[in-house]
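The values are calculated or read from the model by the stated rules, or taken from the named source; none is laboratory data. These figures come from a predicted structure and were not determined experimentally. Note that we place each Cβ from the backbone using ideal geometry, even for glycine, and neighbour counts take in every protein chain shown. These area figures cover heavy atoms from the full protein model, side chains too; ligands, DNA and RNA do not enter into them. Shrake-Rupley method; radii C 1.70, N 1.55, O 1.52, S 1.80 Å.
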Amino acid sequence: MAREFELCPGRRIGGDQPCFIIAEIGQNHQGDLDIAKRMIRMAKDCGADCAKFQKSELEYKFNKKALERPYTSKHSWGKTYGEHKRHLEFSHDQYRELKKYAEEIGIFFTASGMDEMAVEFLHELDVPFFKVGSGDTNNFPYLEKTAKKGRPMVISSGMQSMNTMHQVYQIVKPINPNFCFLQCTSAYPLQPEDVNLRVIPAYQSAFPDIPIGYSGHETGIAISVAAVAMGAKVLERHVTLDKTWKGSDHQASLEPNELAELVKAIRTVEKAMGSPIKQLLPCEMACNEKLGKSVVAKVAIPEGAILTLDMLTVKVGEPKGFPPESIFDLVGQKVKKSIEEDETITEQVVENHVKKVKC
């Protein structure tokens, strides 16, 4: 079983710990600090463990020409991509205000550091863990510098290959053992046929000493619930207050009612995972008493007879007798007194009966 570690103060992940649920606000706040706070509150009210944003220092994430590129999308907040991104980017002071608000209402707060300078700021901000977005997972110098900060890391794997993920593991593990991988496909919205949940057990097999999770961009909650049933110990989903708002991520995001339903479903599934030991449970006793079957006499059996299979059948009997799985063990046994047709075969009528102990 994957090892456990403390992702946030007092909150461990991995092993038998409950799934850690990240509400990815990202930049769905529309560049509005009040909306961002409403979304943090929504994440808390819906039962998520963490509200997460995306922090960039734009001149370090993009080169000059990328920022000057015309941006004519219906989702644009400016004439150029740089103007668009600047509209959506909160300042350091605004991040401090958001983190303080999250702490006041009792939800963990962090952000994806989208470049090395953003990681420096988030380290200064004292976030509990670093989220590495898929776009930086193969950015090996970034990974090394981030790992050296010593904070736990959650690393998405969209757009990457298994070979790359092995390289990521080999870079991060010797520096910082407290990290996990998330299966992820970087498409918005994500179609079911491109989700590939089977990567989760593949990661569990390839990296048995770290927790594995899932970052989903699909619509609805069914696939994310299935990911948890398959063993995801961290789940990240984009959230929004309104899917019709301007922005390319809103369509692949969960509105409040969906997030609340997802959290409830995950906690129900975690209860349902239960124990790997198969046995008769106390909750089954009433049904077993009412409908559980016993071995009964198919024909009248005289005293002293040696039981054969054609003398026996299985029915719901009164009183209870030998359970159906004992029928072959009864063959060859001698009866101490006569048994009427359709009568239950009980321990009292079988000679030298030794009750077998179930293991």
Residues of region 293-320 with amide N under 14 Å of the 7 Å Cα→Cβ point at E347: 320
Expected vector for region 82-94, Karplus 3J(HN,Hα) from phi with 6.51, -1.76, 1.60 and θ = phi - 60°, integer Hz, x for Gly and Pro, equals x, 4, 4, 5, 5, 4, 8, 9, 7, 6, 4, 5, 5
At 7 Å along Cα-to-Cβ for each site, give me the label-to-label distance between M117 and S161 in nm. 3.3 nm
Please check: in the Gaussian network model of the chain (C-alpha springs, under 10 Å), which one of S248, S161, S186 has the largest mean-square fluctuation. S161
Amide H contacts under 5 Å for L312, restricted to residues at least 5 apart in sequence or on another chain and with H modeled in the peptide plane, are K298
Solvent-accessible area per residue, Å², over the chain with all protein chains present [probe radius 1.4 Å]: 50 Å²
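Report the extension gain between K290 and I223 in nm, rounded to one decimal, defined as 0.36 nm multiplied by the number of residues separating them, less their alpha carbon distance. List each step's numbers first, then the result.
Values: separation 67, 0.36 × 67 = 24.12 nm, distance 3.82 nm.
Full extension of this stretch gives 20.3 nm more.
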Cα-Cα separations in the chain greater than 35 Å, expressed as whole percent: 40 percent
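Just from its helices, what would the mean residue ellipticity at 222 nm be for the chain, if runs of 4 or more DSSP H residues each count -39500 (n - 2.57) and the sum is divided by every residue, rounded to the nearest 500 deg cm²/dmol?
Values: 13 runs with 119 residues, N = 359.
The per-residue figure over the chain is -9500 deg cm²/dmol.
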Run the accessible area of the chain with a 1.4 Å probe and give the carbon-and-sulfur part as a rounded percent. 52 percent
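Once fully extended, how much extra length lies between V299 and N138, figured as 0.36 nm per residue of separation less the alpha-carbon to alpha-carbon distance?
50.4 nm
With the Cα gyration tensor of region 56-147 giving a ≥ b ≥ c as the square roots of its eigenvalues, does the rule (a/c under 1.5 for rounded; else a/b larger than b/c for prolate; else oblate) give rounded, prolate or oblate?
Working: a/c = 2.38, a/b = 1.33, b/c = 1.78.
Oblate, because a/c is 1.5 or more while a/b does not exceed b/c.
Tell me whether region 297-356 comes out rounded, prolate or oblate; compute the Cα gyration tensor, take square roots of the eigenvalues as a ≥ b ≥ c, and use a/c under 1.5 as the rounded threshold.
On the way: a/c = 1.29, a/b = 1.04, b/c = 1.24.
Rounded, since a/c falls under 1.5.
Could you give the size of the charge dipole of the chain about its Cα centre, using +1 on the Cβ of each K and R and -1 on the Cβ of each D and E, expressed in debye and rounded to the nearest 20?
Working: 46 positive and 48 negative charges, 114 e Å.
Value, rounded to 20: 540 debye.
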Separation of the S248 and L281 label points, Cα + 7 Å toward Cβ, nm: 4.6 nm
Here is the link list: K44/K243; K233/K293; K65/K99; K79/K149; K65/K173. Which ones come out longer than 30 Å on Cα distance? K233/K293; K65/K99; K79/K149; K65/K173
Could you list which residues have their amide H under 5 Å from that of V350, counting only those 5 or more apart in sequence or on another chain, with H placed in the peptide plane? K336
Of the residues I212, I301, I200, which exhibits the maximal mean-square fluctuation in a Gaussian network model of the chain defined by a 10 Å Cα contact cut-off? I301
Inter-part distance where region 90-134 and region 199-259 are each reduced to a Cα centre, Å: 21 Å
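Between T268 and K65, what FRET efficiency comes out of the Förster formula 1/(1 + (r/R0)^6) with R0 = 45 Å and r the beta carbon distance, rounded to 0.05? Working shown, then result.
Values: r = 50 Å, r/R0 = 1.11.
Using R0 = 45 Å, I get an efficiency of 0.35.
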Would you please give the residues with an amide H less than 5 Å from that of F20, counting only those at least 5 places away or on a separate chain, with H modeled from the backbone geometry? V234, L235
Starting from the Cα gyration tensor of region 1-73, take the square roots of the eigenvalues, sort them a ≥ b ≥ c, and report rounded, prolate or oblate (rounded when a/c is under 1.5, otherwise prolate if a/b is larger than b/c, else oblate). oblate
